[in-house]
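See below for the structure under consideration.
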Amino acid sequence: MSVGRAIALIAAGIGGGLSGSIAGLASLISYPALLAIGLPPVTANVTNTVSLVFSSTGSVLGSRPELVGQAARVRQLAIAGMVGGGCGALLLLVTPADSFERIVPVLIALASVAILARRRLVDELPPHAPHRAGPGVVCGVGLVGVYGGYFGAGAGVMLLALLLIVTGEPLPRCNAVKNVVLGLANAVAAIGFSIFGDVRWSVVVPLGFGLLVGGRLGPVVVRRSPAGALRLVIAVAGLGLAVKLGYDTYR
């Protein structure tokens, strides 16, 4: 791999790690970067999933202050997320490649719309929402885990919105739980891909390093500054990517 390509992947990883911690959309930056260097869609996806383990590691390390007092909630939801992540990875491995290429533009578009809708969900949250994680919430987290294991872009947004609605916790604390739960779900999928998928390890190294750095910095940004403008930029970029990939796939 050339030095220029490695630097580009590190930069994409930092951007992906930041956007993943702040807006739950790391894959909207890291996945297109892998397509741009010529990886086929399915290979890019499994390589991206393995690389995102580094982003989750950085995000969890940066979220430790917000995780205080949430151990029971994290344990309960993490199990559901891990089971879902394993099922999503299996689904990807047994789905024909051409089917995946056709559904990717739709998934990215849905993820981008979700990030735009997220602000309204947060604004409409009652000031004292109930703290609960019943069977419906656990099932919801499991379904997000399935989606995260299959593709991942926007899974963080979906999980964060769910946590904000059902727990009543402030955004930084919900974001911390999201980082742990989605990180574990992603790790389960990554193990499956490492064994059965076509992972490009030479790409994982620079991209993973960038994701680790960006993921570590993301919680600091969430803690200290509003991220509305960044979420908007990511959503618009995601919609643009969905249109381009849709055009390339269906033309």
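We did not get these values from a lab; they are worked out from the coordinates using the rules stated. Quantities reported herein were computed from a predicted structural model and do not represent experimental measurements. Counting neighbours? That spans all protein chains shown, and the Cβs are built from the backbone with ideal geometry, glycine included.
Taking all Cα pairs closer than 8 Å and separated by 6 or more residues, the relative contact order of segment 3-250 comes to 43 percent. How much net charge surrounds Thr57 when only other residues with a Cβ under 13 Å from its Cβ are counted (Lys, Arg +1; Asp, Glu -1)? Around Thr57, the surrounding residues sum to +2.
Exposure proxy ranking for Tyr247, Tyr150, Tyr31, based on other Cβ atoms within 10 angstrom of each Cβ and starting from the fewest, stands as Tyr247, Tyr150, Tyr31. Estimated from helical segments only, the mean residue ellipticity of the chain at 222 nm is -28500 deg cm²/dmol, where each DSSP H run of four or more residues counts as -39500 (n - 2.57).
Working from the Cα coordinates of the chain, the gyration tensor eigenvalues give, after taking √(5λ), semi-axes of 27, 19, 18 Å in decreasing order. Counting charges near Tyr150 (Lys, Arg +1; Asp, Glu -1) among other residues having Cβ under 15 Å from its Cβ returns a value of 0. Annotation: the residues Lys244, Lys178, sorted from fewest to most other C-beta atoms within 10 Å of their own C-beta, follow the order Lys244, Lys178. Between amide H atoms placed 1.01 Å from N, distances below 5 Å from Ala26 occur with Gly20, Gly154, all of them 5 or more places distant or on a separate chain.
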